[in-house]
Amino acid sequence: MKLLTCVSAFGLLLAANAALAADPNLGRNLAATCANCHGTNGKSLPGSGIDSLAGVPKANTLQKLADYRSGARTATIMHQIVKGYSDEQLDLIATYFAAQK
């Protein structure tokens with residue numbers, strides 16, 4: 001029974017990863033939730049005090065997100081938002097914003 005449970009869980013994990021890779025717009029769609037604060041396509045309003053995300057290297061964005069998640073970086077809401085995404089989803093979001101100019 002345990003083997004069947006493990007095999008089933010592994011199959012679901014593979015299916016979830018395949019679903020993430022199957023949608024070429026998934027990064028953009030996930031990043032759309034960031035527009036409320038960080039602006040359309042990651043370009044925040046000048047003088048807003050909120051960092052623009054467009055064009056920021058992927059590694060920098062992922063490090064900031066990891067710091068929010070761990071609590072090493074303080075914020076009013078980002079520490080809560082980032083916990084709602086998987087590592088794979090955060091990677092897609094960071095990749096999308098890195099490609100924006």
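If each residue's Cβ is checked for other Cβ atoms within 10 Å, how do K83, K43, K64 rank with the fewest at the top?
Least to most surrounded, the residues fall as K83, K43, K64.
Tell me the label-point distance for the pair D23, S70, using the 7 Å Cα-to-Cβ offset, in nm and rounded to one decimal.
Placing both labels 7 Å along Cα→Cβ, they lie 3.0 nm apart.
Under 20 Å Cα-Cα from K64, which aspartates and glutamates qualify once same-chain neighbours fewer than 8 residues away are excluded?
Counting by Cα, and skipping residues close in sequence, K64 has these aspartates and glutamates nearby: D51, D87, E88, D91.
Here, each number is a calculation from the coordinates, and none is a lab measurement. On a predicted model such as this, the values are computed, not experimentally measured, just so you know. Because the Cβ atoms are built from the backbone with ideal geometry, glycine has one as well, and the counts that use them run over all protein chains shown.
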